[in-house]
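Comments concern the structure below.
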Amino acid sequence: MKFTIAAALLALSALPAFAQEPKPDCKNPITQMEMTYCEEQEFGAADQILNAEYQKARKVMKKWDAGAEAGSKGAEDALVKAQRAWVAYRDAQCASYGYQAHGGTMEPQLIYGCQADLTRKRTAELKELTEIMGN
């Protein structure tokens with residue numbers, strides 16, 4: 001019993017060391033792990049911006065539908081359908097792109113980088129759509 005408690009305390013004392021490990025410098029990543037981490041962060045940031053722009057576009061489409069005649073409604077539904085299809089495309093395209101290093105430690109980095117790139121491009125498309133439809 002004493003050994004179990006001592007082992008548990010020893011294991012718990014190691015946890016803060018992991019939590020305090022410095023984040024990689026994404027301006028100059030060196031190891032593969034750092035490069036993958038930084039690409040993941042880029043994708044996460046791009047995805048947040050995309051989601052905000054998508055919500056703006058949905059509001060514009062909803063407003064468009066509210067002012068449209070009965071036969072012209074459906075802009076918001078069309079956008080939702082397009083976005084769902086685009087997400088499936090992005091993920092499949094980037095999984096395919098990652099096969100350059102399939103099974104290797106570089107594969108996730110390639111996938112995250114591809115996702116970040118395509119996400120930024122989609123964000124620009126949504127901004128353009130919002131500007132066109134909002135006027």
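For Gln109, neighbours were defined as the other residues whose beta-carbon sits under 10 Å from its Cβ, and their charges (Lys and Arg +1, Asp and Glu -1) total -4.
Cα-Cα over 24 Å: which of Lys27/Lys127; Lys59/Lys127; Lys81/Lys127; Lys56/Lys81? Distance filter (> 24 Å) returns Lys27/Lys127. Packing, taken as the mean count of other beta carbons within 10 Å per residue, orders the peptides 26-39, 69-82 from highest to lowest as 26-39, 69-82.
The residues packed around Pro24, meaning those with a beta-carbon under 14 Å from its beta-carbon, carry a net charge of -4 if Lys and Arg are +1 and Asp and Glu are -1.
Taking a straight Cα-Cα cut-off under 12 Å and skipping sequence neighbours fewer than 8 places away in the same chain, the aspartates and glutamates within cross-link reach of Lys63 are Glu76. The shape of the chain can be summarised by an equivalent ellipsoid whose semi-axes, obtained from the alpha carbon gyration tensor, come to 43, 20, 14 Å from longest to shortest. Helix check for the chain. Which DSSP H runs span at least 15 Å along their own axis by Cα, with a mean Kyte-Doolittle hydropathy no less than 1.0? Within the chain the helices that satisfy the rule are 2-19.
Coordinate-derived values only; no laboratory data. Only a predicted model underlies this, so the values are computations on that prediction, with no experimental measurement involved. Positions of Cβ are backbone-derived with ideal geometry, glycine not excepted, and every protein chain shown enters the neighbour counts.
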